[in-house]
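Have a look at the structure below, then the notes.
The values are calculated or read from the model by the stated rules, or taken from the named source; none is laboratory data. Keep in mind that what you see is a predicted model, and the values were worked out from it rather than measured. Virtual Cβ from ideal backbone geometry, glycine too; neighbours counted across all protein chains shown.
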Amino acid sequence: MSNHSGPLLFLHIPKTGGMTLRAIVARQYAARSTYIIDNSVNESIIRFRTMRAADRAHIQCLAGHMSYGLHEFMATPAHYLAMLREPLRRARSDYQFVSTNRAHPLYATVSAMTFTEYMRSGITGQLSNGQTRLICGDCAPGDTGIPTNRALSDEDLERALRNIEQHFPIVGVQERFDESLILMRRHFGWPLPYYAKQNVTQRDTGPNAVDSPDDATIITQNALDIELYRYTRERFERQLNEQNWSFRWELRTLRIVNRLYQGLGLGGWLRIKRGIGRLLTPAQ
């Protein structure tokens, strides 16, 4: 279980490795003290906001797709956690996921679009500075946590950067997922965060393949996200440089354990886990 003080809000940004990270975060808290924002995002957020204060006081982990701001409903000061991804890669992954996943609410519409048509459609706010949108707290008045589809400005980017500095002790980088996990482990006092990748978008070779990525459109529509990612990546590198010699040892251990976990399955992993208990104690 996590031993850091105060509740944790995991702000899950789509197509950043968030389902894998959400499973890791959920293991750090008892189920009774965890609230997951499910696929009915807006309704789930509204249910959380309208819970009795006494019930919300028991929540130590809030996780899911949401904008910054729901900490206002927590009983005690809270911390945020998020993972970002390079905006061009994220845009391509998002299109392939939505256009090939029949369970997605936008599948019927997006599966008939090319990548460029999707990027220019404005069908969702995630197409235009979606990472900045969530971290800056872009919400309609009275709809805390529910993002809008409005155009963002430099002021929104500045607000996102302030939020990161004030409320996000760690912002991971999807391209450096394992290093991000070790930083989180060290800050929050987690056991070694072994994992199996979840909800991975497979490269599509069918009619919805991204054969000619429209980079100019992505760059134009995600200029704020590009700057946010640059800033976050530099902050991440500084945090890595501040770690001591044992960081590399923990990183190698994580990768070894993950290979065992993914190769043996849950039953085999549990047998191995009993023999390496010291590796799974919280970081000091």
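Could you tell me which residue of the range 218-241 is farthest from residue 164 (Cα to Cα), considering only residues that are of a type in the set (A, V, I, L, M, F, W, C) and touching a strand residue (DSSP E or B) at 6+ places or on another chain (Cβ under 8 Å)?
If we filter the range 218-241 for residues that are of a type in the set (A, V, I, L, M, F, W, C), which is where we start, we get 218-219, 223-224, 226, 228, 236, 240.
From what is left, the residues that are touching a strand residue (DSSP E or B) at 6+ places or on another chain (Cβ under 8 Å) are 228, 236.
Details: 228: 10, 236: 12 Å.
Across the range 218-241, the extreme among qualifying residues is 236.
Collect the residues in the range 64-86 that are closer than 13 Å to residue 134 by Cβ and of a type outside the set (S, T, N, Q), keeping them in residue-number order.
So the first thing to find is which residues in the range 64-86 are closer than 13 Å to residue 134 by Cβ, and the list is 64-70, 80-85.
Hits for the range 64-86 are 64, 65, 66, 68, 69, 70, 80, 81, 82, 83, 84, 85.
Test residue 64 against the criterion of being surrounded by fewer than 22 Cβ atoms within 10 Å (Cβ to Cβ) and closer than 27 Å to residue 152 by Cβ, and give yes or no. Please lay out each step first, then the result.
Values: surrounded by fewer than 22 Cβ atoms within 10 Å (Cβ to Cβ): yes; closer than 27 Å to residue 152 by Cβ: yes.
Yes, satisfied.
Filter the range 96-113 down to the residues that are in contact (Cβ under 8 Å) with a residue 12 or more places away in the chain, over 24 Å from residue 82 (Cβ atoms), out of contact with any His (no Cβ under 9 Å at 6 or more places or on another chain) and of a type outside the set (Gly, Ala, Ser) and list them by number.
100, 109, 113
Can you go through 54, 26, 75 and tell me which one is over 14 Å from the mean Cα position of the chain (by Cα), farther than 21 Å from residue 163 by Cα and either exposed (fewer than 13 other Cβ atoms within 10 Å of the Cβ) or in contact (Cβ under 8 Å) with a residue 12 or more places away in the chain (or both)?
On the way: 26 fails: over 14 Å from the mean Cα position of the chain (by Cα); 75 fails: farther than 21 Å from residue 163 by Cα.
Answer to the check: 54.
So which of 122, 69, 145 ends up being at positive phi, in contact with a helix residue (DSSP H, G or I) (Cβ under 7 Å, 6 or more places away or on another chain) and not polar (S, T, N, Q)? Show your work before the answer.
Details: 122 fails: in contact with a helix residue (DSSP H, G or I) (Cβ under 7 Å, 6 or more places away or on another chain); 69 fails: in contact with a helix residue (DSSP H, G or I) (Cβ under 7 Å, 6 or more places away or on another chain).
Going through 122, 69, 145 in turn, the sole match is 145.
Which condition number in (1) without any contact (Cβ under 8 Å) to a residue 60 or more places away in the chain; (2) assigned to a loop (DSSP other than H, G, I, E, B) is the one that residue 43 fails?
(2)
What are the residues in the range 178-188 that are buried (at least 17 other Cβ atoms within 10 Å of the Cβ) and not basic (Lys, Arg), if any? Spell out how you get there, then give the answer.
Of the range 178-188, the ones buried (at least 17 other Cβ atoms within 10 Å of the Cβ) are 179-186, 188.
Passing the criteria: 179, 180, 181, 182, 183, 184, 188.
Write out, first by first residue and then by second, each pair whose Cβ atoms fall under 7 Å of each other, whose residues are 6+ apart or on separate chains, and whose first residue, in the range 115-141, is without any contact (Cβ under 8 Å) to a residue 60 or more places away in the chain while the second is assigned to a helix (DSSP H, G or I) and of a type in the set (Phe, Trp, Tyr).
As it stands, the answer is 118/95, since those pairs meet every condition given.
Return yes when residue 68 is within 17 Å of the chain's Cα centre (by Cα), touching a residue at least 40 places away in the same chain (Cβ under 8 Å) and part of a loop (DSSP other than H, G, I, E, B) and no when it is not.
On the way: within 17 Å of the chain's Cα centre (by Cα): yes; touching a residue at least 40 places away in the same chain (Cβ under 8 Å): yes; part of a loop (DSSP other than H, G, I, E, B): yes.
Spelling it out, residue 68 is indeed within 17 Å of the chain's Cα centre (by Cα), touching a residue at least 40 places away in the same chain (Cβ under 8 Å) and part of a loop (DSSP other than H, G, I, E, B).
Determine whether residue 186 is within 18 Å of residue 5 (Cβ to Cβ) and either modelled with pLDDT of 85 or more or outside any helix (DSSP H, G or I) (or both). Show your work before the answer.
On the way: within 18 Å of residue 5 (Cβ to Cβ): yes; either modelled with pLDDT of 85 or more or outside any helix (DSSP H, G or I) (or both): yes.
Yes: the conditions hold for residue 186.
Can you pull out every residue in the range 112-159 that is buried (at least 17 other Cβ atoms within 10 Å of the Cβ) and of a type in the set (D, E, K, R)?
Listed by number, the residues that qualify are 133, 138, 156, 159.
Is at least one residue of the range 132-152 aliphatic (A, V, I, L, M), more than 22 Å from residue 42 (Cα to Cα) and within 17 Å of the chain's Cα centre (by Cα)? Working first, answer last.
To start, the set of residues in the range 132-152 that are aliphatic (A, V, I, L, M) comprises 134-135, 140, 146, 151-152.
Now narrow it down to the ones that are more than 22 Å from residue 42 (Cα to Cα): none.
No - not one qualifying residue is present in the range 132-152.
Could you check the range 240-278 and list, in sequence order, the residues that are modelled with pLDDT of 90 or more, among the polar types (S, T, N, Q) and either surrounded by 11 or more Cβ atoms within 10 Å (Cβ to Cβ) or in a helix (DSSP H, G or I) (or both)?
Listed by number, the residues that qualify are 241, 243, 246, 253.
Please work out which residue is modelled with the highest pLDDT, limiting yourself to the range 1-23 and to residues that are among the hydroxyl-bearing types (Ser, Thr, Tyr) and buried (at least 16 other Cβ atoms within 10 Å of the Cβ). Give the steps one after another, and end with the answer.
Looking only at the range 1-23, we keep the residues that are among the hydroxyl-bearing types (Ser, Thr, Tyr), and these are 2, 5, 16, 20.
When the remaining residues are screened for being buried (at least 16 other Cβ atoms within 10 Å of the Cβ), the result is 2, 16, 20.
On the way: 2: 49, 16: 95, 20: 91.
Checking each candidate, the answer is 16.
Restricting to the range 73-89, give me the number of residues that are charged (D, E, K, R) and modelled with pLDDT of 95 or more.
Taking the range 73-89 as the starting set, the residues that turn out to be charged (D, E, K, R) are 85-86, 89.
Next, only the ones that are modelled with pLDDT of 95 or more stay: 85-86.
Qualifying residue count, the range 73-89: 2.
Restricting attention to the range 71-100, which residues are under 12 Å from residue 15 (Cβ atoms), of a type in the set (D, E, K, R) and in a helix (DSSP H, G or I)?
Residues satisfying the conditions are 89, 90, 92, 94.
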